[in-house]
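Worksheet for the structure shown next.
Read-outs: derived from the displayed coordinates by stated rules, not from any lab. Because the structure is predicted, anything quoted here is derived from the model rather than measured. Cβ atoms come from the backbone with ideal geometry, glycine included; neighbour counts cover every protein chain shown.
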């Protein structure tokens, strides 16, 4: 009797998929968003005939907002554990997660302890959603997350954005600010 391994060889990972054994968080965010977009589009396409476009968008938005807040809170907890705080400086360090692989091109306008402002001049998230044919929900899939992420990461921060590439503007204008001095972050 010979020892043989009847297990078929592992298939190579598909583009955008984490290799077996690799944690999902090790995958580039742009790749994760592409996977999520394919699933969200399939779900959205089923919801629209059942509940209508407006309600389908609202359901999808609520789910993604919840995910964004939870992710923000988890990353804030990591930053508090490793840096002793979750502030705009630690958040700025985290931007590398979203810009990896030239997924976003940023022009920093302002970076102080209580203010962070930047413009996104290229957004491969928006480009990917257009290529995938999911631009109708692209704002929900990515743009919608930004403010909600900050609600989880730093609830006392203020986030404003008046334009997005996904909606046809030349750039996205991200502006974050913390309350006047004297207000302190409250860990959850």
> Mind ordering 87-100, 45-58 by average Cβ neighbours within 10 Å, highest first?
Replying inline: 87-100, 45-58
> Ranked by Cβ crowding within 10 angstrom, fewest neighbours first, how are 102, 156 ordered?
Replying inline: 102, 156
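From the Cα trace of the range 28-177, what convex hull volume per residue do you get, rounded to a whole Å³? Walk me through the numbers on the way to the answer.
Numbers: hull volume 15.7 nm³, N = 150.
It comes to 105 Å³ per residue, whole-number rounded.
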>> Per-residue counts of other Cβ atoms within 10 Å, averaged by peptide: what ranking do you get for 125-132, 145-152, 161-168, highest first?
In response: 145-152, 125-132, 161-168
> What list do you get for 64, 140, 109 if you sort them by fewest beta carbons within 10 Å?
Replying inline: 109, 64, 140
> Ranked by Cβ crowding within 10 angstrom, fewest neighbours first, how are 171, 83 ordered?
Replying inline: 83, 171
> Taking 0.36 nm per residue of separation and subtracting the Cα-Cα distance, what length does fully extending residue 35 through residue 93 add?
Replying inline: 18.4 nm
